[in-house]
1. Select from the range 1-28 the residues that are more than 16 Å from SER59 (Cα to Cα) and assigned to a helix (DSSP H, G or I) and write down the one among them that is modelled with the highest pLDDT.
2. Tell me which residues, restricted to the range 45-59, are surrounded by 12 or more Cβ atoms within 10 Å (Cβ to Cβ) and assigned to a loop (DSSP other than H, G, I, E, B).
Amino acid sequence: MATAVDWTTNKDLIQELYIAFYGRPGDPGGIKHWAEQITGNATLADNVTKDLVRSFIRSFVQVRRGRA
């Protein structure tokens, strides 16, 4: 059963995504880049959050295929 992830800041959200998809913390530059894509404090219902997760999925798939 999936559990909800709580975060306080957008950087926390990005860190959670790095760990979930890549099994490691994000580097400072990557976290900064992705956090700047989000205005305000993101929620799971926000389209920008959904788009961000889709970007991580695409990136993860490319890494798995050896393209990144």
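The values are calculated or read from the model by the stated rules, or taken from the named source; none is laboratory data. Quick caveat, the model's predicted, so the values are computed rather than measured. A quick note on method: Cβ atoms are made from the backbone with ideal geometry, for glycine too, and the neighbour counts reach across all protein chains shown.
1. By that ranking, first place goes to PRO28.
2. ASP46, the sole residue that qualifies.
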